[in-house]
2 protein chains.
Amino acid sequence: MMDFLEEPIPGVGTYDDFNTIDWVREKSRDRDRHREITNKSKESTWALIHSVSDAFSGWLLMLLIGLLSGSLAGLIDISAHWMTDLKEGICTEGLWFNHEHCCWDSDQVTFEEKDKCPKWNSWSQLLISTEEGAFAYIVNYFMYVLWALLFAFLAVSLVKVFAPYACGSGIPEIKTILSGFIIRGYLGKWTLIIKTITLVLAVSSGLSLGKEGPLVHVACCCGNILCHCFNKYRKNEAKRREVLSAAAAAGVSVAFGAPIGGVLFSLEEVSYYFPLKTLWRSFFAALVAAFTLRSINPFGNSRLVLFYVEFHTPWHLFELVPFILLGIFGGLWGALFIRTNIAWCRKRKTTQLGKYPVIEVLVVTAITAILAFPNEYTRMSTSELISELFNDCGLLDSSKLCDYENHFNSSKGGDLPDRPAGAGVYSAMWQLALALILKIVITIFTFGMKIPSGLFIPSMAVGAIAGRLLGVGMEQMAYYHHDWAIFNSWCSQGADCITPGLYAMVGAAACLGGVTRMTVSLVVIMFELTGGLEYIVPLMAAAMTSKWVADALGREGIYDAHIRLNGYPFLEAKEEFAHKTLAMDVMKPRRNDPLLTVLTQDSMTVEDVETIISETTYSGFPVVVSRESQRLVGFVLRRDLIISIENARKKQDGVVSTSIIYFTEHSPPMPPYTPPTLKLRNILDLSPFTVTDLTPMEIVVDIFRKLGLRQCLVTHNGRLLGIITKKDVLKHIAQMANQDPESILFN
Amino acid sequence: MMDFLEEPIPGVGTYDDFNTIDWVREKSRDRDRHREITNKSKESTWALIHSVSDAFSGWLLMLLIGLLSGSLAGLIDISAHWMTDLKEGICTEGLWFNHEHCCWDSDQVTFEEKDKCPKWNSWSQLLISTEEGAFAYIVNYFMYVLWALLFAFLAVSLVKVFAPYACGSGIPEIKTILSGFIIRGYLGKWTLIIKTITLVLAVSSGLSLGKEGPLVHVACCCGNILCHCFNKYRKNEAKRREVLSAAAAAGVSVAFGAPIGGVLFSLEEVSYYFPLKTLWRSFFAALVAAFTLRSINPFGNSRLVLFYVEFHTPWHLFELVPFILLGIFGGLWGALFIRTNIAWCRKRKTTQLGKYPVIEVLVVTAITAILAFPNEYTRMSTSELISELFNDCGLLDSSKLCDYENHFNSSKGGDLPDRPAGAGVYSAMWQLALALILKIVITIFTFGMKIPSGLFIPSMAVGAIAGRLLGVGMEQMAYYHHDWAIFNSWCSQGADCITPGLYAMVGAAACLGGVTRMTVSLVVIMFELTGGLEYIVPLMAAAMTSKWVADALGREGIYDAHIRLNGYPFLEAKEEFAHKTLAMDVMKPRRNDPLLTVLTQDSMTVEDVETIISETTYSGFPVVVSRESQRLVGFVLRRDLIISIENARKKQDGVVSTSIIYFTEHSPPMPPYTPPTLKLRNILDLSPFTVTDLTPMEIVVDIFRKLGLRQCLVTHNGRLLGIITKKDVLKHIAQMANQDPESILFN
């Protein structure tokens, strides 16, 4: 392995766009760098300080990422809140107040009246000075749709013009990048700025999307940009990916107020190479981010998330049956969503549809807004909806969902007993059922459009609605039929047996699990949301069922499906390769192909090599002792070769086309009047990975995964026979899974 | 790779005791097995059921492990509680009641009197019918020491006679086993039975040790034993290690009532190969175990742990200074403890001391008991002590630690303001300081004796005492000097500024972190113990400082230090190998050694091979095309070779010493009257791992770690040159770290 610290020629050791990095080389470079700094540190005080500051730069970087992503999340929350309310009206006291702030110091402090305060004016009040009657309703309706269209138009235009990478949730691409792929600009400053702005617009437009996934992208952009301030991370692709893993954890941490869940999410779902050192740093970044957000306090409740619930009603073992039902529902919804969404996205890619992103977004926004306004549960923002569904009804709750008939026979202060539902609950049930259908259908078409869109929140909303419906159903059943065998052992009359809010929570976990196939991180996030260990078992039962059901219908989670749709070279770490093929079945050249293109170590001229480079498109060439022996010496990358030859022709006196290229340590003495030789041992990788032709592919896949290889050479009885690249491996996996191997686009 | 499913000769593919497994081979075998079952499942319904039950057997196993280890933990808790109280007295109503149960239905319900109920008789009451006076004190003292000696004697004798592996905490050995080492009987049923019994005895004897580490060992024994019920796990060393990782998580989960922390502990501290599938299953096992323990309810408080605290007093940013001081203390204590304990253990190993384990235990027990009895904080069990130190003083608390002067000027019901300390607090402080010194000194000599002993609890106790002392100091300073600049901005008179219990908690985390070098799992465990996100930042600050300080004084945690002390072949996954050596510097043969011993693929006789086997002790031999070409064909294990030749000589007609051994696919037609050939291709590993001689050792170490190799062959320009075994790698690492390479004992 050459000494990269010297870096004699600029460009050697870097990567092209849309290429895979070589983890082994990057890690070696970092270790070389670290070694040099450590060695120097003994020489002078200044070098010692440099060494210490280098060691702590990782922690400083984490601190900065936490602060920046926490602040951005707070900014996004506050702006989105204000703009969502803008669709309904405006605060006369100050345009910059949202509905809640506007009415804070209002006299009407009761819950019922809190929506109506004199300073807050709906559009009908402002425009036609009334809030009553059909005309006012129509004005409000019209303004609602108008604002939604405006926001959506702005969002999609900004994305289209300034930063096409800012669309979607970003998690599939971040997974791919973390696995060692290069997409220049995907985590750049333009993406960050545009994504932050358009995320607010997209959320405010009332579309069925969430800000949680994109927040991960925003945090990763922060991480990537801040990497530029530190030498250690700027120049090393492997080290930078450690930082990005931590940034992803910080992103989830601020999205859900769940630092531990964020770290586990990063570990389980996003990251590829996650050493334990990174675990600790990620946790630090996630904590800093969460506390930054908390001190900004965007929701005004000293909590990190909008839907913090704090009930501690116990659940009964029998309730596992409905919880598992919710798990099945979540799994079915997840599988259905992934299939239909992927089918629709494929249609968008392959047909005319993809050419008109602005029109698509406007149409979907218009449909969403028009259908959403009449139903109060779809009109409110999705996170508010989830918050209301998770909530357990208190005595004073005045929302329709809590319109129970009170008999006041319970001891005050304690838990409220199960009560018969009033008319409000029944009408709320109908509205929720309609909202469920709308959300299910519209989310399929929304996720994947050219605007920032996450699907944590829509998935959770679907599950929460289904869960609440089931929960209220169970509650009423328990109230009216507490003598049934299934109830009478544990649910006496007048007791608080069923908590519909818990059902909503379990349903949300089930649906989110079905779509993303998260497991531990899902349970931990939900546990951090609710702050009680007592509901871990219901959540786990639902998440487990949901994952099993969804896996039975299709192995891939939504992110993996989108990675495959885009043809990124992502080597899934979770799936075992289960086929009995050998390395010789996968390697190039295939049986009837021409022989493998190799370079010899001491007999090829510059011209020979240039011919090979121009005639082939391989990204690297093995170097052998001689064509006859096929004994492997090393591996040289095409990019390094081109740059070195170009450089030599320019600078090195006398290197011409007939100059012989030497990859050996010493070139033999040349007779006089022959052109000077070109020595290229410094760009030769002297420790290429090799496997034998009879190595089972399962082991080869394992090696590629664990060591993060780009390519691997194949030998037979000590002779070089062929080469396997990451792309070959991925194509082979696709072929074995009866998928189109040509769907893998990049190397 | 051969088809292990056929398994033609019994014994091929198994391992000797104290040997390292080949992860690649084990995982291949499991995949072959899985493939066969999947293929068969299409043939018949029965095979399909078999396939499904095989898929779910992992979950069933986790359930059983959770149930069994939860039950055992409950049993241990209850017995230890009863036997600890036995040292002080006995319940006349029923011998099987411990002090607390005995006095439950007593009339004296106030806190002050709860220790004195008529049914509970101290030994002096029983023997000399009085509780007053010096003589009664001496009788109690004497009985206390006597019982302690009896328990300790029983414990050490049982361990010595029945199960020597039952001693210690077991975590170093479990780490080694999980990394792929074989220690037969270490996780067997005798170890389980004896460890369970002696753990109770050791804890009850009042020695400075905890039951948390050994509980991990107990849970792993459960996991290992239950593996025998499932074909999938019984026969495969790699799969079994997945189960053991989960069992370790269950062990910590019951030890601390922290399922998430348990999983993270297993991931961070114990496990080596931890695929994400295992993460989810471990979580399940940990949850089941925690809930089993909770339904047994050993502490009678519906909590999982004895020291559950639930105060939510906010902390102030300035308090980070004392928290960081506690972190420094924890780091210093950790480094000190590890050094002195290892030095003492080394002394025990190398001198006469190691030959008298019973006497050693009795002496330490006697010293501990004699010094502990006069001080009430050392007389009580360590977990009770921690619980009391963590506790925040309420108005009604009557313990000496809470003997503050009440002024009753605060609003009732809210937080208690800081109050001046009374005489009780000051005397408690002195006693705690003495207890601190005793614990610090005696723990060093206790850990490593021939009895089950964990050091989570003693470490936490040291930290909790130091923290409480500092906390009370801060509290008094804030009370008397609330006008000082550091206080006056946030601490007004009559406010509750400082919570000494929180300081104890932070101190406990710092000391535990200093000893074990846990990071995320430590914070999560402490967070689960306290049940509040608000203290994560103090805990993290202390844990971080403690780790930095301790790492600066010595890189190894206590478990790694003990692994090295015992010479186990453990390849640390956390430390980067930072030296610039190459594979050729490490491989055997060394420069002036005789050539590498190889077998040829088609020219050696049975006798030749037998000679090589008897003359060398290598655990395997490379097979080459011919001695001249040194082109590598494969690798064959010594054990497999011996078994196969023996088997062939017994069963295969006519195989004699002059028979030629063929490792090729086809043996050439032989002239008549030559002895029949022996074909051994089926035991040949056709995909041995190779690296070039110029590969940096850092990459070689990485390959060994990530792929779990036992050995790796070294080539130069396609010719076989040498071999590197795991032992060579470990010896090289030891040498580079200026340690004795001969300390690595096993391969």
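A few points about this structure:
- Restricting segment B:455-502 to chymotrypsin sites (Phe, Trp or Tyr not before Pro) that sit in a DSSP loop and have at most 12 other Cβ atoms within 10 Å of their own Cβ leaves B:484.
- The antiparallel fraction among DSSP beta bridges confined to the protein assembly as shown stands at about 75%.
- Antiparallel bridges, percent of DSSP beta bridges restricted to segment A:583-737 (to nearest 5): 70
- Base-10 log of normalised Debye intensity for segment A:583-737 (one unit scatterer per alpha-carbon) at q = 0.09, 0.19 Å⁻¹: -0.32, -1.16
- Debye, to nearest 20: dipole size of segment A:583-737, +1 on Lys, Arg Cβ, -1 on Asp, Glu Cβ: 380
- Net charge, residue B:474 excluded, C-beta distance under 13 Å - Lys, Arg +1, Asp, Glu -1: -3
- Projecting the Cα positions of B:739, A:58, B:139 onto the charge dipole of the protein assembly as shown (unit charges on Cβ atoms of Lys, Arg, Asp and Glu, taken about the Cα centre) puts B:739 furthest along the positive direction.
- Taking the C-alpha atoms only, the angle from helix B:237-256 to the longest principal axis of chain B is near 0 degrees.
- Solvent-accessible area, 1.4 Å probe, carbon plus sulfur percent, for segment A:583-737: 54
- Per residue of chain A, the DSSP helices (runs of n ≥ 4 H) give a summed -39500 (n - 2.57) that works out to -18000 deg cm²/dmol at 222 nm.
- Only Lys, Arg (+1) and Asp, Glu (-1) charged, at Cβ; the protein assembly as shown dipole about Cα centre in debye: 4540
- With the charge dipole of chain A set up from +1 on Lys and Arg Cβ and -1 on Asp and Glu Cβ about the Cα centre, the Cα lying farthest toward the positive end among the listed residues A:527, A:75, A:248 is that of A:248.
- Each residue of segment A:613-629 is assigned a 3J(HN,Hα), and the resulting list reads 4, 6, 8, 10, 10, 4, 8, x, 9, x, 10, 10, 5, 7, 4, 5, 6 Hz, derived from the Karplus form 6.51 cos²θ - 1.76 cosθ + 1.60 (θ = phi - 60°), x at Gly and Pro.
- Among A:654, A:687, A:86 - extreme Cα towards positive end, dipole of chain A, charges at beta-carbon: A:654
- Cα-based helix-to-principal-axis angle, A:189-204 vs chain A, degrees rounded to 10: 20
- Peptide-level mean, for B:272-283, of C-beta atoms on other protein chains within 10 Å: 3
- Rounded, prolate or oblate (a/c below 1.5 giving rounded, otherwise prolate when a/b exceeds b/c) for the protein assembly as shown by Cα gyration tensor: oblate
- Amide proton proximity set for residue B:723, modelled H, under 5 Å, gap of 5+: B:588, B:714
- Cα-only Debye scattering, chain A: base-10 log of I(q)/I(0) at q = 0.07 Å⁻¹: -0.58
- The antiparallel fraction among DSSP beta bridges confined to chain A stands at about 75%.
- Placing a label point 7 Å from Cα along the Cα-to-Cβ direction at residue A:55 gives distances to the equivalent points in the other copies of 5.0 nm, listed shortest first.
- Each of the peptides B:574-587, B:703-716 was scored by the mean count of other Cβ atoms within 10 Å over its residues; in descending order, highest first, they stand as B:703-716, B:574-587.
- Per residue solvent-accessible surface (Å²) - segment B:583-737, probe of 1.4 Å: 43
- Candidate aspartates and glutamates - alpha carbon under 13 Å from residue B:175, same-chain residues fewer than 8 apart omitted: B:242, B:268, B:269, B:560, B:572
- Look at the stretch B:248-261: the mean tally of other chain Cβ atoms within 10 Å of its residues' Cβ atoms is 1.
- Calculated label separations, residue A:38, copies of the chain, 7 Å along the beta-carbon direction, nm: 4.2
- Entries in A:239/A:650; A:349/A:588; B:439/B:547; A:27/B:731; B:650/B:679; B:40/B:232 that, when Cα-Cα distance is taken, lie over 26 Å: A:239/A:650; A:349/A:588
- The angle between the Cα long axis of helix A:212-227 and the longest principal axis of the Cα atoms of chain A comes to about 40 degrees, rounded to the nearest 10.
- Buried surface between chains B and A: roughly 6400 Å² of accessible area, summed over both sides, computed with a 1.4 Å probe on protein heavy atoms only.
- Peptide B:422-429 is shielded by partner chain Cβ atoms: per residue, an average of 0 of them sit within 10 Å of its Cβ.
The values are calculated or read from the model by the stated rules, or taken from the named source; none is laboratory data. Note that the structure is a prediction, hence the values are computed from the model and not measured. Glycine also receives a Cβ, built like all others from the backbone with ideal geometry; neighbour counts cover every protein chain displayed. These accessible areas exclude ligands, DNA and RNA; they are computed on the full protein's heavy atoms, side chains included. Shrake-Rupley method; radii C 1.70, N 1.55, O 1.52, S 1.80 Å.
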